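Here the structure is laid out as structure tokens; the discussion comes afterwards.
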Amino acid sequence: MFNGVYLTTLVLFSIFLTRIVAHHRKQCATQPSIALPAFEVAITTIGAPKYDHYKAEGSKRILGIGNNLDLERGVNRLYTVPVELGGKVFHVNLDTGSSDLWLVSDKCHTNACRGASVARYPTSFFRTTSMDVEMLYGDSKSGTFASGTVGLDTASIAGIALPRHPFALIEDTNNLLVQFGASGIFGLSFPAASTVQAALLGTEEGSDIDVDDYVHSIESNGPLLSRMTEAKVLDIPTFSISLERHTNGLDGKGLLTIGNLPEGIDNSSLTWVPVRLYPGKDGGMGTFSAAPEEVRWEIEIDGVFLEGQRLPESTTPANGVDSERVSALIDTGNSLLRGPEDVVVKILQTLSPRFDPNVAGSVPSVPCGMAPALSFQIGGQMFPIDPRDFVSQLDPEDAVACQADNLVPTDPPSYGNLFRWSLGTPFFRSNLVVFHYGNLTHPSVDPPRIGLRSNVPANAYFLMREAVKIAAEKGTSLLSRFYILHILD
Ligand SMILES: *[C@@H]1O[C@H](CO)[C@@H](O)[C@H](O)[C@H]1NC(C)=O
Ligand SMILES: *[C@@H]1O[C@H](CO)[C@@H](O)[C@H](O)[C@H]1NC(C)=O
């Protein structure tokens, strides 16, 4: 059965490739030696309650990202891009922490689907593979799921279309993003973390994967951008993400580029670091030497700094895996900065001495004018978090009292989840992040990597303090002062 699907896909592929290649040739005709521009997609920012979704603890299959919606944390942002399936446009949440594309079906009426007014994929369009999937998301404190069936349809983003793309049509989910305007999730991580691809290979949870079969099936059954990479329709097997800071579009810069760097960004201004590889024993794709070991968009970090002081490493033991190397998931599916509990509590108590994580309702309050400086050292370079991405006002009318609510603890490393930190959307608002797949089937030839460039102005802390001072004098909401800050950038 699998071979049948594969062959049919190849036939359709060549038809499609002819079209794309023709399109590229036209562009090349005038400037043959110049790299092709990136395909660009504007990222829409939706105001939503603070939203963080990441890995499932203890999951055997390497699942992606989940969500953990905490209505009490106030308003945050949800980032979506338009993806077309079967000629219909769906706004889906951009998720570098998971690998599957899913959409809610018009038959989904349970849990979070109830009353959701997002665009839904019509069951009448559905060409099913009859493979059921359940994607589990969340951490030890929370968990969400999305369950449904894998189907095939032409999927396109930024005008690049792939026929017979496998996606999950969801009939039941408790993932609240559908309540806030997203029709599903668009996972941009590696094939090894794809539930849909595994299901199409008939892989049962916990059973061994034939690595060769799996790698060969990336081209037909892999995640959308991985398939585009394999089909060689992209100039460079890369995508980049920059997220805007505000919900009302004043920054207006959220951009996903596919196939190249954003226009005007010089590669030499980026710091490139390798993606952390997962040995088979820690949740990688098996013990074969040729197996791709990239599982997540995860990179090692040299150190974490608060006000220029290097913080001691976490002493929390890892859960049966390598505890020595400190790495971070780079994840748009998480709206917070998450780290080891001991280090996080130390940071919060340094900034807010009366904060007690064991007392319900205790908040890490800080004066807004403190503008704390938190930085991650990666590849020998410092990547600060803009103070606007680290603290938020306790009350929108009060420019003086803030809280450091964007930093929370996460679980220690475990099988399939080697990272200690998960750097979510606050990190993306402070940095341009470029994701390079390398060669997905032969990573030893061209390994995957991440490039980073800080957007934080050198005087960000000074600007924040000034803005808070002015706002406090005038009694103006800090939020509006933030816009002035941005204009000053
Ligand atoms: C990856 O490398 C292999 C071996 O060198 C090569 O055959 C294949 O075409 C490469 N894949 C891509 C997408 O360039
Ligand atoms: C940019 O430079 C890095 C490091 O030299 C390289 O790996 C990458 O392929 C280059 N280009 C792009 C667009 O990523």
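Among (1) surrounded by fewer than 22 Cβ atoms within 10 Å (Cβ to Cβ); (2) at pLDDT below 90, where does ALA399 come up short? Condition (1) is where ALA399 drops out. Take the residues in the range 443-454 that are in contact with a Ser or Thr (Cβ under 8 Å, 6 or more places away or on another chain) and over 11 Å from PRO274 (Cα atoms), then tell me which one is farthest from ligand 1 (Cβ to nearest atom). Of everything passing the filter in the range 443-454, SER454 is farthest from ligand 1 (Cβ to nearest atom).
Specify the residue that is surrounded by the most Cβ atoms within 10 Å (Cβ to Cβ); the eligible residues are those in the range 383-396 that are modelled with pLDDT of 90 or more and in a strand (DSSP E or B). Selected residue: ILE385. One residue alone among ALA471, ALA458 is assigned by TED's automatic domain parsing to the domain that holds GLU341, in contact (Cβ under 8 Å) with a residue 12 or more places away in the chain and not acidic (Asp, Glu), and that residue is ALA471. Taking the numbered list (1) in a strand (DSSP E or B); (2) more than 18 Å from PRO223 (Cα to Cα); (3) under 22 Å from the mean Cα position of the chain (by Cα) in turn, LEU177 passes all entries but (1).
Of all residues in the range 390-442, those that are hydroxyl-bearing (Ser, Thr, Tyr), away from ligand 1 (no atom under 16 Å from the Cβ) and more than 26 Å from SER365 (Cβ to Cβ) total 2.
Sort through PRO409, PRO426 and tell me the only one that's surrounded by fewer than 21 Cβ atoms within 10 Å (Cβ to Cβ) and either at pLDDT below 90 or touching a helix residue (DSSP H, G or I) at 6+ places or on another chain (Cβ under 6 Å) (or both). Walk me through how you get there before you give the answer.
On the way: PRO426 fails: surrounded by fewer than 21 Cβ atoms within 10 Å (Cβ to Cβ).
Answer to the check: PRO409.
As a summary of the residue check, ASP389 satisfies the conditions (1) closer than 26 Å to ASP282 by Cβ; (2) more than 16 Å from ligand 2 (Cβ to nearest atom) except for the one numbered (1). Within the range 236-254, being modelled with pLDDT under 95 and in a loop (DSSP other than H, G, I, E, B) holds for LEU243, GLU244, ARG245, HIS246, THR247, ASN248, GLY249, LEU250, ASP251, GLY252, LYS253, GLY254.
Name the residues in the range 82-111 that are surrounded by fewer than 22 Cβ atoms within 10 Å (Cβ to Cβ) and of a type in the set (A, V, I, L, M), would you?
Within the range 82-111, just VAL89 meets the criteria.
Kindly provide the set of residues from the range 257-284 that are of a type in the set (Gly, Ala, Ser) and within 16 Å of ligand 1 (Cβ to nearest atom), ordered by number.
Hit for the range 257-284 is GLY259, nothing else.
Going by the conditions given, is GLY361 at negative phi, at pLDDT below 95 and away from ligand 2 (no atom under 16 Å from the Cβ)? Talk me through it step by step, then tell me what you get.
Details: at negative phi: no; at pLDDT below 95: yes; away from ligand 2 (no atom under 16 Å from the Cβ): yes.
No: the conditions fail for GLY361.
Taking each residue of the range 222-238 that is farther than 15 Å from HIS436 by Cα and looking for partners that are away from ligand 2 (no atom under 14 Å from the Cβ) and of a type in the set (Phe, Trp, Tyr) with beta-carbon atoms closer than 8 Å, six or more apart or interchain, yields ALA231/PHE13; ALA231/PHE16.
Checking each residue in the range 73-85 for being at pLDDT 95 or above and of a type outside the set (Val, Ile, Thr) picks out PRO82, GLU84, LEU85.
Please go through the range 428-460 and pick out each residue that is in a loop (DSSP other than H, G, I, E, B) and hydrophobic (A, V, I, L, M, F, W, C). Walk me through it before giving the result.
Residues of the range 428-460 in a loop (DSSP other than H, G, I, E, B): 437-448, 455-459.
Result: LEU440, VAL445, VAL456, ALA458.
Return the only residue of ASN417, ASN431, ASN439 being away from ligand 2 (no atom under 16 Å from the Cβ) and either assigned by TED's automatic domain parsing to the domain that holds ARG325 or touching a His at 6+ places or on another chain (Cβ under 7 Å) (or both). Give the steps one after another, and end with the answer.
On the way: ASN431 fails: away from ligand 2 (no atom under 16 Å from the Cβ); ASN439 fails: away from ligand 2 (no atom under 16 Å from the Cβ).
None of the other options fit; the residue is ASN417.
The values are calculated or read from the model by the stated rules, or taken from the named source; none is laboratory data. Owing to the predicted nature of the structure, the values given are computational and were not obtained by experimental measurement. Cβ sites come from the backbone with ideal geometry, for glycine too, and all protein chains shown count toward neighbours.
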